[in-house]
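S.K.: The structure is given below, and queries will be raised subsequently.
What follows is calculated from the coordinates using simple rules that are stated; it is not laboratory data. The structure presented is a predicted model; accordingly, all values stated were derived computationally and were not measured. Here Cβ is always computed from backbone atoms with ideal geometry, including for glycine, and neighbour counts include all displayed protein chains.
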Amino acid sequence: MSLQKRKLVLIGVLALIVCMVALLFTPGTRLLKTVNSHSYQYSYFPWRGIKASEVQNRQEAVAVPILMYHGVRVKGELGTNTTRENFIKQMEMLKREGYETISVHEYDLFREGTFILPPKPVIITFDDGRKDSYYTVDEILRKLGFKATIFIATNKPNENDPFFLSWDELKDVQKTKRWEIEAHGQHSHDEVVVDEKGLKGRYLTSRIFDQATGLESVDDFEKRVRLDYENGIKDLQDHLGINSRYYAVPLNDYGNVEDSNYDKALGFNKELTKQYFRLAFIEALDENRRVLETFYNYKDSDPFGLKRLEVKNMTDEDLKFALNKYSPRKPDVVFPVVQGEDDPSSNMQQLYGNFVASPTELVISTSATSTAARALFGDRGWQNYTLQAQVTRGDAREASIVLYYLDEDNLVLLDWDEHSIQLTERIDGQNTNIVDRTPLTTNDSNVLVSATIKDGKISVLFDGVQLVSDHTIHVSRGAAGFGVWDPNGGEVKVTSLLIKSTE
Amino acid sequence: MNLMARTVSLATFYRRIKVSESFYRKTSDALLLVVFLSLLVCLVLYKVVLVTSASTFSSFWTLYGVIVSLFLLSRIPYAYLYNDDHDAVYKDSEYPSVSVIIAAKNEESGIYRTLETCVDSNYPGALECIVINDGSTDGTEAEVKRAISTYGKKIQLITFEKNKGKKEAMAAGVLLAQNEVFVFVDSDSYLHPEGIRHITEHFLSDPKIGAVSGNTKVENKNANLLTRMQSIQYAISFDVYKACESVYHSVTCCPGCFSAYRRETIKPLIEEWKSQEFLGIKGTFGDDRSLTNFVLRSWDVVYCEKARATTIVPEKFRVYWKQQLRWKKSWIREGVLAGLFMWKGRHPLASLGFYIHFSFPFLGPVLALNVLAFSIKSENPLIFLIFCTGFMLIGLIFSLFVHLYRRAENFIVMPIFSMLFVSVLIWQMPYAMLTIRKGHWGTR
């Protein structure tokens with residue numbers, strides 16, 4: 001063939017290719033997306049171990065546990081992530097145990113009284129907006145009929161960081177209708193320079209140090225931080241049309257606040273959170289895979305301090321145990337254990353210090369790292385109950401019974417030492433005495449205490465002496481428990497305990 | 001394999017209904033052409049979709065991937081437009097005198113036939129063969145003497161008592177030869193009767209041309225899977241890559257198995273070439289590429305598709321591996337040297353093509369590792385799989401092209417070769433770089 005002819009053929013072929021590519025471009029793009037989102041196949045068989053009878057006859061729940069995840073990974077470094085295998089086990093466990101997922105919005109409606117919770121609700125959340133929060137997860141949610149909430153730090157899609165979902169991908173996420181997309185700030189996770197040595201602090205809680213202009217003024221700091229809240233909301237509005245009202249507090253509590261070079265930063269952030277959002281989420285305490293406090297959220301839980309359990313790579317059994325341990329139940333504790341009844345010590349929550357249970361006594365003692373110890377019964381949703389306990393202070397400096405425990409800042413506490421006793425109520429960290437410190441009438445270190453709380457009124461009988469009767473308290477609910485304090489180490493023993501509901 | 005089964009079943013089908021061979025060939029060609037065009041569309045579509053949907057176009061590797069794809073895809077139209085420009089009719093008396101130079105070491109099995117095909121060439125001008133026996137320890141010398149007894153003075157023999165290396169042997173041949181054109185032939189290559197005539201016609205048609213690469217294909221192509229793969233590798237490297245380079249008269253390697261040089265091109269270079277050093281040692285392999293490099297500085301170098309020859313290729317993987325390693329070393333060495341002058345006095349596309357092509361063996365493994373790392377990091381094995389598919393698609397398109405346009409056989413084993421390449425051969429490069437100062441003689 002001559003060169004001339006070949007040139008013509010070539011032009012023809014090129015034209016053909018251009019036409020075909022133009023024609024197939026849209027279906028091709030769609031195919032690539034489909035391939036991307038279906039590269040993690042998963043299927044679930046509901047008949048694997050679930051009994052219909054177990055699901056029936058359940059009452060509306062009063063609190064919602066919230067789970068928090070980051071990435072779900074097939075392999076690679078774990079850190080705060082979950083293996084996909086384990087995630088599947090966890091989700092199947094939830095399904096098997098009869099849990100139903102609700103959205104954060106539905107929880108918000110429940111707080112307002114316009115949404116009835118299913119018998120076993122749960123909220124599943126993912127922080128940051130990573131690709132491995134979606135591609136490895138969505139298939140599982142779809143097959144199990146679950147939904148989830150994802151909190152986006154919007155500078156990631158803005159900067160096209162390939163580790164995170166892009167705005168286009170987030171539009172696909174939105175289209176599934178399984179995912180609720182909410183705010184997580186914009187630059188909220190960034191590190192900033194805070195002094196001339198180049199030390200780093202967190203974007204939201206530190207004033208930036210600039211070599212030329214020195215430390216950022218408080219005004220500039222407040223402007224910048226406020227803008228991060230506004231921009232995070234605006235990005236979601238602009239790209240996805242989402243009016244976000246819920247906020248996963250970045251780095252769980254605005255980062256390591258000890259790193260902050262401005263002591264009013266935390267308060268300022270909390271103020272902004274209240275200003276811009278309806279609900280905000282932080283992390284429940286845990287330590288070495290042990291969950292230390294409840295991650296169930298009630299109708300009247302602090303809307304800006306909603307607790308989430310960071311699941312990480314817990315086994316499904318550990319997760320089930322934690323869900324059961326903190327699940328709301330009626331006040332009902334008997335010790336020593338009556339044959340055939342549940343052992344209450346298995347549900348005891350050890351906040352700090354040591355706790356040991358034997359068949360005849362419960363021992364709460366200080367530890368090497370803690371001069372105080374506190375252990376709790378109940379789920380922090382208890383309201384009307386009576387407590388009767390035989391307590392031995394022994395040589396310990398101070399023994400205590402906590403009657404309503406919401407958190408360290410909201411509680412009702414009865415504590416006594418060798419000589420005196422007092423009853424205190426702590427609201428948002430402020431102590432007020434219900435009964436001022438009074439001398440004890442007994443020298444016996446073994447005392448019988450009985451307390452009753454009914455409809456917001458408290459009565460306490462200490463070693464046969466009426467300490468207080470029908471006194472109004474302001475903390476609305478909480479768990480019951482025991483504590484000890486002694487700088488030199490000491491222990492408190494509980495030899496009998498009876499807690500009953502008075503509903 | 002599906003495709004092969006289909007072609008085979010078509011063949012039996014046509015045989016049964018007694019359709020002529022040519023009709024069968026036309027039908028299968030039409031079928032393959034459709035497959036070729038569809039694959040081409042698929043590849044371009046795949047690239048366009050990938051590039052437009054990639055969120056990280058800013059990354060160097062995505063950009064490099066796109067450049068490489070553009071380069072590779074552009075090879076097809078170039079190879080298609082390549083013209084073998086020596087079609088004028090010349091008088092017999094115009095043809096220059098030719099010296100064929102053959103360096104041989106332990107080649108008793110093939111050397112007689114090699115000489116036979118050279119001397120029996122259908123060439124109108126004067127022709128002599130110079131064999132340099134580089135210290136052979138087998139019956140090579142006896143075989144050459146047998147040929148001399150048949151063909152007489154047309155064959156001359158130089159014997160080295162001790163092995164001195166192929167480069168020394170070739171240089172000795174060049175120093176002895178006095179004809180106008182020197183043709184290098186490997187001792188295990190066999191020329192087509194018209195080969196020398198076609199290759200010298202280039203010197204007649206264009207005075208700027210200093211060297212011409214012949215078109216060498218595989219003699220033992222159906223011996224086993226390895227030689228089948230090499231036959232398609234040869235077809236692509238000659239009929240795609242060399243043809244492309246030839247469009248701008250910038251062929252970077254005239255292979256030792258069959259190529260031709262002008263006397264006035266090569267005589268002034270030979271001493272410098274012989275004593276050339278790289279990183280402080282004398283290069284003892286890749287002599288052909290280095291010679292071409294010397295010529296390319298001041299002359300045009302082209303590829304002659306019509307000048308055909310065949311050569312024996314390794315049948316054992318171990319031997320093939322060593323040969324590829326040597327080629328890669330000479331590629332690095334000569335690529336660096338050529339890189340120093342390829343940017344000037346040439347068509348810009350020729351220079352650009354050279355540098356992109358030269359970057360392959362260096363950046364190729366890094367790109368592959370990068371994709372693999374990204375695939376692991378994002379926990380999506382599909383990413384690496386897609387990368388490999390793209391790689392195999394390009395290989396298949398090239399092999400289909402040489403099959404349809406140049407009648408190359410064995411295109412069906414190309415995917416296997418691609419897999420071999422991406423999984424094994426590509427990793428020779430780092431090793432070759434580390435051991436570049438070690439050298440050995442020979443082609444096998």
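S.K.: With r as the distance between the Cβ atoms of residue B:176 and residue A:217 and R0 = 51 Å, compute the FRET efficiency 1/(1 + (r/R0)^6) and round to 0.05. Mind dumping the intermediate values first?
M.R.: Details: r = 89 Å, r/R0 = 1.74.
Efficiency at R0 = 51 Å is approximately 0.05.
S.K.: What do you get when you divide the Cα radius of gyration of chain B by 2.2 N^0.38 Å, with N the number of residues? If you can, show how the numbers build up before the last one.
M.R.: Values: Rg = 22.8 Å, N = 444, 2.2 N^0.38 = 22.3 Å.
Dividing the Cα Rg of chain B by 2.2 N^0.38 Å gives 1.02.
S.K.: With the crude spin-label approximation of a point 7 Å out along Cα→Cβ, what separation in nm comes out for residue B:316 versus residue B:222?
M.R.: Going by the 7 Å Cα→Cβ label model, 2.5 nm.
S.K.: Just check region B:297-366 against the gyration tensor rule for me: Cα atoms, a ≥ b ≥ c as the square roots of the eigenvalues, rounded for a/c under 1.5, and otherwise prolate or oblate depending on whether a/b exceeds b/c. Display every interim value, and only then the final one.
M.R.: Working: a/c = 2.47, a/b = 1.35, b/c = 1.83.
Note, shape of region B:297-366 comes out oblate.
S.K.: Then there is this: Using a 10 Å cut-off on Cβ atoms, rank the peptides B:294-304, B:220-230 from the highest mean neighbour count down. Numbers along the way, then the final one.
M.R.: Details: B:294-304: 22.2, B:220-230: 18.2.
So the peptides B:294-304, B:220-230, ranked by packing, come out B:294-304, B:220-230.
S.K.: Pairs of Cα atoms under 8 Å, at least six residues apart: use those to get the relative contact order of chain B, whole percent.
M.R.: Details: 675 pairs, mean separation 79.3, N = 444.
Once divided by the residue count of chain B, the mean separation gives 18 percent.
S.K.: Turning to a different aspect of this structure: Grab the Cα-Cα distance for residue B:424 and residue B:70, subtract it from 0.36 nm times how many residues apart they are, and report the gain in nm with one decimal.
M.R.: Working: separation 354, 0.36 × 354 = 127.44 nm, distance 2.45 nm.
This chain segment gains 125.0 nm when fully extended.
S.K.: Sort A:444, A:318 so that the residue with the fewest other Cβ atoms within 10 Å of its own Cβ comes first and the one with the most comes last. Spell out each step's value before the answer.
M.R.: Numbers: A:444 11, A:318 15.
Going from least to most buried by this count: A:444, A:318.
S.K.: Okay, next question. Convert 10 °C to kelvin, take the viscosity as 1.306 mPa s, use the Kirkwood radius over C-alpha pairs of the protein assembly as shown as Rh, and evaluate the Stokes-Einstein diffusion coefficient in µm²/s, rounded to a whole number. Provide the component values of the computation, followed by the final result.
M.R.: Numbers: Rh = 35.2 Å.
Calculated translational D: 45 µm²/s.
S.K.: In whole percent, what relative contact order does chain A give with Cα contacts below 8 Å and a gap of six or more residues? Show your work: numbers first, answer last.
M.R.: Details: 1021 pairs, mean separation 59.6, N = 503.
The normalised contact order for chain A reaches 12 percent.
S.K.: Out of all DSSP beta bridges in chain A, what portion is antiparallel? Express it as a percent rounded to 5.
M.R.: Numbers: 85 of 111 bridges.
Counting only bridges with both partners in chain A, antiparallel ones make up about 75 percent.
S.K.: Then there is this: Checking the a/c ratio against 1.5 first, then a/b against b/c, what shape does the Cα gyration tensor give for region A:350-444?
M.R.: Working: a/c = 1.39, a/b = 1.06, b/c = 1.30.
It comes out rounded by the Cα gyration axes.
S.K.: How large is the helix-only mean residue ellipticity at 222 nm for chain B, computed as the sum of -39500 (n - 2.57) over DSSP H runs with n ≥ 4, divided by its residue count, in deg cm²/dmol to the nearest 500?
M.R.: Values: 17 runs with 245 residues, N = 444.
Taken over chain B, the calculation gives -18000 deg cm²/dmol.
S.K.: I'd like the distance separating the alpha-carbon centroids of region B:194-221 and region B:343-410, in whole Å.
M.R.: 29 Å
S.K.: When a/c is below 1.5 the answer is rounded, else prolate if a/b is larger than b/c, else oblate, so apply that to region B:357-405 with a ≥ b ≥ c taken from the square roots of the Cα gyration tensor eigenvalues. Provide the component values of the computation, followed by the final result.
M.R.: On the way: a/c = 6.47, a/b = 1.67, b/c = 3.87.
Cα axes put region B:357-405 in the oblate bin.
S.K.: What FRET efficiency, computed as 1/(1 + (r/R0)^6) with R0 = 25 Å and r the Cβ-Cβ distance, is obtained for residue A:356 and residue A:420, rounded to the nearest 0.05? Write out the running numbers ahead of the final one.
M.R.: Details: r = 28 Å, r/R0 = 1.13.
For residue A:356 and residue A:420, the calculated efficiency is 0.35.
S.K.: Sticking with this structure for a sec: What Kirkwood hydrodynamic radius, in Å, does region B:210-359 give when the mean of 1/r is taken over all pairs of distinct Cα atoms and then inverted? Provide the component values of the computation, followed by the final result.
M.R.: Values: mean 1/r = 0.0623 Å⁻¹.
Answer for region B:210-359: a Kirkwood hydrodynamic radius of 16.0 Å.
S.K.: If the limit is 29 Å between Cα atoms, which of A:75/A:299; A:33/A:200; B:47/B:322; A:264/A:307 go over it? List each step's numbers first, then the result.
M.R.: On the way: A:75/A:299 39 Å; A:33/A:200 39 Å; B:47/B:322 35 Å; A:264/A:307 23 Å.
From the list (A:75/A:299; A:33/A:200; B:47/B:322; A:264/A:307), the Cα-Cα distance tops 29 Å for A:75/A:299; A:33/A:200; B:47/B:322.
S.K.: What does the structure give for A:73-81 when I average, per residue, the other chain Cβ atoms found within 10 Å of the residue Cβ?
M.R.: Details: counts 3, 5, 3, 4, 1, 0, 0, 0, 0.
Per residue, the number of nearby Cβ atoms from other chains is 2 on average.
S.K.: Restricting to bridges with both residues inside the protein assembly as shown, how much of the DSSP beta-bridge set is antiparallel, in percent to the nearest 5?
M.R.: Values: 98 of 150 bridges.
Given both bridge residues lie in the protein assembly as shown, the antiparallel proportion sits at roughly 65 percent.
S.K.: Same structure again: Order of B:325-331, B:138-144 by packing, highest average Cβ count within 10 Å first?
M.R.: Result, highest mean first: B:325-331, B:138-144.
S.K.: How long is the gain from residue A:7 to residue A:386 if the chain were fully straight, where each residue apart is worth 0.36 nm and the alpha carbon distance is subtracted? Display every interim value, and only then the final one.
M.R.: Working: separation 379, 0.36 × 379 = 136.44 nm, distance 9.66 nm.
Stretched out fully, the residue A:7 to residue A:386 stretch lengthens by 126.8 nm.
S.K.: Around residue B:86, under 15 Å between beta carbons, what's the net of Lys plus Arg minus Asp minus Glu among the other residues? Spell out each step's value before the answer.
M.R.: Details: positive: B:91, B:197, B:208, B:262, B:306, B:308; negative: B:84, B:85, B:87, B:94, B:194, B:201, B:206, B:300, B:305.
Its environment carries a net charge of -3.
S.K.: Let me ask something else about it. Hey, could you grab the Kirkwood Rh for chain A? Inverse mean 1/r over distinct alpha carbon pairs, Å, one decimal. Could the numbers behind the result be given before it?
M.R.: Numbers: mean 1/r = 0.0385 Å⁻¹.
Averaging 1/r across every pair of different Cα atoms and inverting gives 25.9 Å.
S.K.: Could I ask something else about it? Between residue A:33 and residue B:347, take the C-beta separation as r, use R0 = 35 Å, and let me know the FRET efficiency to the nearest 0.05. Could the numbers behind the result be given before it?
M.R.: On the way: r = 41 Å, r/R0 = 1.18.
Efficiency for this residue pair is about 0.25.
S.K.: Just to be sure I understand: with springs between alpha-carbon atoms less than 10 Å apart, which residue in B:109, B:418, B:93 has the highest mean-square fluctuation in the Gaussian network model of chain B?
M.R.: B:93
S.K.: Using +1 on the beta carbon of Lys and Arg, -1 on that of Asp and Glu, and nothing else charged, what's the dipole of region B:66-184 about the Cα centre, debye to 20?
M.R.: On the way: 12 positive and 17 negative charges, 65 e Å.
Around 320 debye, computed over region B:66-184.
S.K.: Further question: For chain A, what does -39500 (n - 2.57) per DSSP helix run (n ≥ 4), summed and divided by total residues, give at 222 nm, in deg cm²/dmol to the nearest 500? Let's see the in-between values first.
M.R.: On the way: 11 runs with 130 residues, N = 503.
Estimated from H runs of four or more residues: -8000 deg cm²/dmol.
S.K.: I'd like the distance between the alpha-carbon centres of region B:84-127 and region A:393-449, rounded to an integer number of Å.
M.R.: Between the Cα centres of region B:84-127 and region A:393-449 lies a distance of 112 Å.
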